[in-house]
1. For region A:17-49, which residues satisfy the criterion of being more than 9 Å from chain B (Cβ to nearest Cβ), of a type in the set (Lys, Arg) and out of contact with any Pro (no Cβ under 7 Å at 6 or more places or on another chain)?
2. Within region B:16-37, is even one residue modelled with pLDDT of 85 or more, more than 12 Å from chain A (Cβ to nearest Cβ) and not in a loop (DSSP other than H, G, I, E, B)?
3. Which of the numbered conditions does A:SER6 fail, given that it passes all the others? Conditions: (1) farther than 30 Å from B:GLN120 by Cα; (2) at the interface with chain B (Cβ under 7 Å from one of its Cβ atoms).
4. Would you be able to tell me the number of residues in region B:155-167 that are away from chain A (no Cβ under 11 Å) and either within 15 Å of B:TYR81 (Cα to Cα) or in contact (Cβ under 8 Å) with a residue 24 or more places away in the chain (or both)?
5. Taking into account only those residues within region B:123-151 that are more than 8 Å from chain A (Cβ to nearest Cβ) and not in a helix (DSSP H, G or I), which is surrounded by the most Cβ atoms within 10 Å (Cβ to Cβ)?
6. For A:ILE72, all conditions in the list (1) over 27 Å from B:GLN151 (Cβ atoms); (2) part of a loop (DSSP other than H, G, I, E, B); (3) out of contact with any Pro (no Cβ under 7 Å at 6 or more places or on another chain) hold save one; what is the number of the exception?
7. Scanning for something more than 7 Å from every other protein chain (Cβ to nearest Cβ), more than 37 Å from the chain's Cα centre (by Cα) and not aromatic (Phe, Trp, Tyr), does region A:51-72 turn up at least one residue?
8. If you scan region B:51-79, which residues turn out to be away from chain A (no Cβ under 13 Å) and either among the charged types (D, E, K, R) or closer than 20 Å to B:HIS38 by Cβ (or both)?
Amino acid sequence: MSTSMSLSRFKQLLTAYGGDPRHWPQPERAAARLLLTQSAQARALQAKERQLDALLAQHPQTEPSTDLFARIMQAAVEPPPRWWQKLAAWWWPDEQTLPWWRPALTFALPLALGLWLGLQTASIPNAEPLWQSEAQLLALNWEEVSE
Amino acid sequence: MQAKPADSVSDETLLNRIQEGERAAFSTLVARYLRDLHGFAQRHLGDPGEAEDVVQETFIRVWQHAERWQPGAAKPSTWLYQITRNLCIDRLRRRRPQAALDEQQADETHSQAALMQREQVGVAVQQAIQNLPESQRSALLLCHYQGLRNQDAAAVLGLSVSALESLLARARRGLRKQLQGQAEHLLGEVD
């Protein structure tokens, strides 16, 4: 921890954290306080920042409703979801967070795969029509009979 | 062995227990952070009702996604403020057109110098804070109002401490500029 502080660092401290020593970083607080006892300029700078602090202190903060705690506990009644529930929720989200493409993809992927496989097995390149094979077999039989 | 009072249990322990679905630990965490997170959200959004919604959503996320918090990666308080801040930012994005209207109305009110005459300094300060860019506003709220240490506030914002100090200085400069008129009435010359 440093025991001395330059005026320029003190200025930085004030412009960032204000004039209240409680807001200053703890490791620098002692050195800043020491500078305040030694420098009139430092005290003048602090007084200026304290004016802004006084204004900021006027910012209203309302307390949360007395039933907020109960509402949170009520809303968190379900146990945290397990990993498979999260996976299912990712694939099939509820209506509020519905990215439509996920369930659509769930159906479209197997459909596309089936179509692709079907097309692959159905289209055999250079396959001879069935009647040609039959005609060739008949021709062979005819030759054998006639011999 | 005697059970530890709930208040003496560390945040880390509470989150570990929440990860295992322990409601009592969740209840303790909510009680511990409810007021702080509400204060942050209320000042961030300028609307106590909306702040309550944000705080409720924050805790629901903690309950349902507690496993996302990794010990050692971030302090539990940092994680909670990060969630709250992100939810506030989402809200602000959604209501941007209305916010622009509000700003316009506020400017008109400022020009009439009516706020001070009606001793509504608090409202003027709130409006001035609302007018700050989000990152400056968050930095100011975390350090000045929530009393976070500078390292913790920097962690919430994902910044270095020197970057945080720069944001804070700009925030205070912006506030001083906006509140100069009011300050003359209340406290004499500010700048």
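The values are calculated or read from the model by the stated rules, or taken from the named source; none is laboratory data. Since the structure is predicted, the reported quantities are computational estimates derived from the model, not experimental observations. Reconstructed Cβ throughout: ideal geometry from the backbone, glycine too, with neighbour counts over all protein chains shown.
1. Selection gives A:ARG43 alone.
2. Looking for residues that are modelled with pLDDT of 85 or more, more than 12 Å from chain A (Cβ to nearest Cβ) and not in a loop (DSSP other than H, G, I, E, B), one finds at least one in region B:16-37, hence yes.
3. A:SER6 satisfies all of (1) farther than 30 Å from B:GLN120 by Cα; (2) at the interface with chain B (Cβ under 7 Å from one of its Cβ atoms) except (2).
4. 5
5. Among those that are more than 8 Å from chain A (Cβ to nearest Cβ) and not in a helix (DSSP H, G or I), it is B:LEU148.
6. (2)
7. Scanning region A:51-72 turns up no residue that is more than 7 Å from every other protein chain (Cβ to nearest Cβ), more than 37 Å from the chain's Cα centre (by Cα) and not aromatic (Phe, Trp, Tyr).
8. B:LYS75, B:PRO76, B:SER77, B:THR78, B:TRP79
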